[in-house]
């Protein structure tokens, strides 16, 4: 039977156009793809997107491995710049965006929260396509299940327990195990009880709630260490979790006082468990320099702390002093939580824009220049190190020259690594945003093409409106 199913699946794969083993999806075949397999991962991409290009070989390798394993999972890619209606339907706001579809239902896809390496993609989709909970029978199997995983959730419950299975289906990177009597005895789990076992901190936490929602919240909190070190591997768990406020300690592990600082940071973290996530960023790690730059941290002012609230437009908070004792850390964190510490916004000095075709926006002139109700302002938020931003520069400069004498259209740019703005969220580079004229007009994200013609076509309605006003006058 398994062989026949594999043959059938191979036929399904052959029906659709593929590039490097990845199915090419679009509006015309999307429903057919979903019907062809019970489990489909879809990448929405843009051809010019650097992150998409980096993902391409990993995604193709994952598709190849899944096919080799006989998995029923299909990997699909959709060019969102061609199939904009699909991107809009599924709330695609950046690239690449990956969505997981179960069955033929296109109404409620799940956001992909795994890593970007081939093995991480395979691991994620394999877990999502399998049972929510794994049967664990016998003492030896129980101990292996615990020891082979950093975090596991175990329950001496029925295999079809709705609460346990429902919670298990909510986590992509935590294994849930249903214990038989011998396994439960080996792990000291009483009948009807659920526990989370981990190989760090206090090693174990026992669930005392009753509902799926309570179990999901419990696992979400307890699966994380008191202090989580930032890395490429931990980033999805740190930023993809339910806790959206983080206190980040920027400290060099090589520093003589590191052990004292991390001990105080860990002690303070105990008071805020479940409220705010404590994260260590090692200033010695070269890959962390961009994170440091994002928060305005240099080697010279390390060690230092910053709190970020990802639910408030990435609002950042800086302590008024650099008291890194446990008491000082608690005082700063409480100040952020109770609102007594104001948001910290970076800004360069205001430049002289009189001769600039492309106006330079900094934190201090943002309101006057960008939020001017008489102007339509098109802003590129860039990073100096970003290759795609550099490629866009000559086109953006040409756009600025075209509209430099226009009555109500302003082309502008801002170094988003050196400036921050209230209510403007920049998640990648370059980010293009349009601020229409008019009192109370809402900012618009620009996700179209990036040629001069694309930009001019986008701005034409505003330019035409301006000319109409001139004619009337």
From the list 82, 76, exactly one residue is within 22 Å of residue 19 (Cβ to Cβ), in contact with a strand residue (DSSP E or B) (Cβ under 9 Å, 6 or more places away or on another chain), not in a helix (DSSP H, G or I) and not assigned by the TED database to the domain that holds residue 240. Which is it? 76
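Matching residues to (1) out of contact with any helix residue (DSSP H, G or I) (no Cβ under 6 Å at 6 or more places or on another chain); (2) not in a loop (DSSP other than H, G, I, E, B):
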{"position": "71", "(1), (2)": "yes, no"}
{"position": "88", "(1), (2)": "yes, yes"}
{"position": "91", "(1), (2)": "yes, no"}
{"position": "101", "(1), (2)": "no, yes"}
{"position": "113", "(1), (2)": "no, no"}
{"position": "125", "(1), (2)": "yes, yes"}
Selection count where residues are closer than 18 Å to residue 36 by Cα and either assigned by the TED database to the domain that holds residue 174 or out of contact with any strand residue (DSSP E or B) (no Cβ under 7 Å at 6 or more places or on another chain) (or both), scope the stretch 90-121: 6
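Per-residue answers, yes or no, for (1) buried (at least 16 other Cβ atoms within 10 Å of the Cβ); (2) free of Cβ contacts under 8 Å to residues at least 60 places away in the same chain:
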{"position": "300", "(1), (2)": "no, yes"}
{"position": "303", "(1), (2)": "yes, yes"}
{"position": "310", "(1), (2)": "no, no"}
{"position": "313", "(1), (2)": "no, no"}
{"position": "318", "(1), (2)": "yes, yes"}
{"position": "321", "(1), (2)": "no, yes"}
{"position": "326", "(1), (2)": "yes, no"}
{"position": "329", "(1), (2)": "yes, no"}
{"position": "335", "(1), (2)": "yes, yes"}
Contacts under 6 angstrom Cβ, first residue in the stretch 164-182 being at pLDDT 95 or above, partner part of a helix (DSSP H, G or I) and surrounded by fewer than 18 Cβ atoms within 10 Å (Cβ to Cβ), 6 or more apart: 182/139
Filter the stretch 411-435 down to the residues that are modelled with pLDDT of 95 or more and in a loop (DSSP other than H, G, I, E, B) and list them by number. 430
So which residues in the stretch 429-461 are out of contact with any strand residue (DSSP E or B) (no Cβ under 9 Å at 6 or more places or on another chain), touching a residue at least 40 places away in the same chain (Cβ under 8 Å) and more than 23 Å from residue 373 (Cα to Cα)? 449, 451, 452
Anything in the stretch 283-297 that is over 16 Å from residue 344 (Cα atoms) and out of contact with any strand residue (DSSP E or B) (no Cβ under 7 Å at 6 or more places or on another chain)? List them, or say none. 284, 285, 286, 287, 289, 290
Being over 27 Å from residue 352 (Cβ atoms), in a helix (DSSP H, G or I) and at pLDDT 95 or above narrows it down to one of 464, 453, so name that one. 453
All but one of (1) in contact with a helix residue (DSSP H, G or I) (Cβ under 9 Å, 6 or more places away or on another chain); (2) in contact (Cβ under 8 Å) with a residue 40 or more places away in the chain hold for residue 200; which doesn't? (1)
Output the residues belonging to the stretch 230-247 that are touching a residue at least 40 places away in the same chain (Cβ under 8 Å) and not in a loop (DSSP other than H, G, I, E, B). 236, 237, 238, 239, 240, 245, 246, 247
From the list 99, 113, exactly one residue is within 24 Å of residue 233 (Cα to Cα) and modelled with pLDDT of 90 or more. Which is it? 99
For residues in the stretch 210-229 being out of contact with any helix residue (DSSP H, G or I) (no Cβ under 6 Å at 6 or more places or on another chain) and in a loop (DSSP other than H, G, I, E, B), which is surrounded by the fewest Cβ atoms within 10 Å (Cβ to Cβ)? 210
Return the residues of the stretch 127-136 that are surrounded by fewer than 16 Cβ atoms within 10 Å (Cβ to Cβ) and outside any loop (DSSP other than H, G, I, E, B); say none if nothing qualifies. 135
Considering only helices (runs of 4 or more DSSP H) wholly within the stretch 320-410, the ones with at least 2 residues that are in contact with a helix residue (DSSP H, G or I) (Cβ under 6 Å, 6 or more places away or on another chain) are 326-337, 387-403
Is at least one residue of the stretch 251-273 under 24 Å from residue 420 (Cα atoms) and either modelled with pLDDT of 95 or more or not in a strand (DSSP E or B) (or both)? yes
Testing residue 183 on (1) in contact with a helix residue (DSSP H, G or I) (Cβ under 6 Å, 6 or more places away or on another chain); (2) part of a strand (DSSP E or B); (3) over 27 Å from residue 233 (Cβ atoms), one condition comes back false. Which one is that? (2)
Yes or no: residue 292 crowded, with 19+ Cβ neighbours inside 10 Å and in contact (Cβ under 8 Å) with a residue 12 or more places away in the chain? yes
Looking only at residues that are closer than 19 Å to residue 123 by Cβ and in contact with a helix residue (DSSP H, G or I) (Cβ under 7 Å, 6 or more places away or on another chain) in the stretch 27-58, which one is surrounded by the fewest Cβ atoms within 10 Å (Cβ to Cβ)? 58
For the stretch 163-171, does any single residue satisfy the condition of being assigned to a loop (DSSP other than H, G, I, E, B), over 26 Å from residue 55 (Cβ atoms) and not assigned by the TED database to the domain that holds residue 55? no
All-but-one check, residue 206 against (1) in contact (Cβ under 8 Å) with a residue 24 or more places away in the chain; (2) in contact with a strand residue (DSSP E or B) (Cβ under 8 Å, 6 or more places away or on another chain), failing number (1)
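The values are calculated or read from the model by the stated rules, or taken from the named source; none is laboratory data. These figures come from a predicted structure and were not determined experimentally. Glycine gets a Cβ as well: all are built from the backbone with ideal geometry, and neighbour counts include every protein chain shown.
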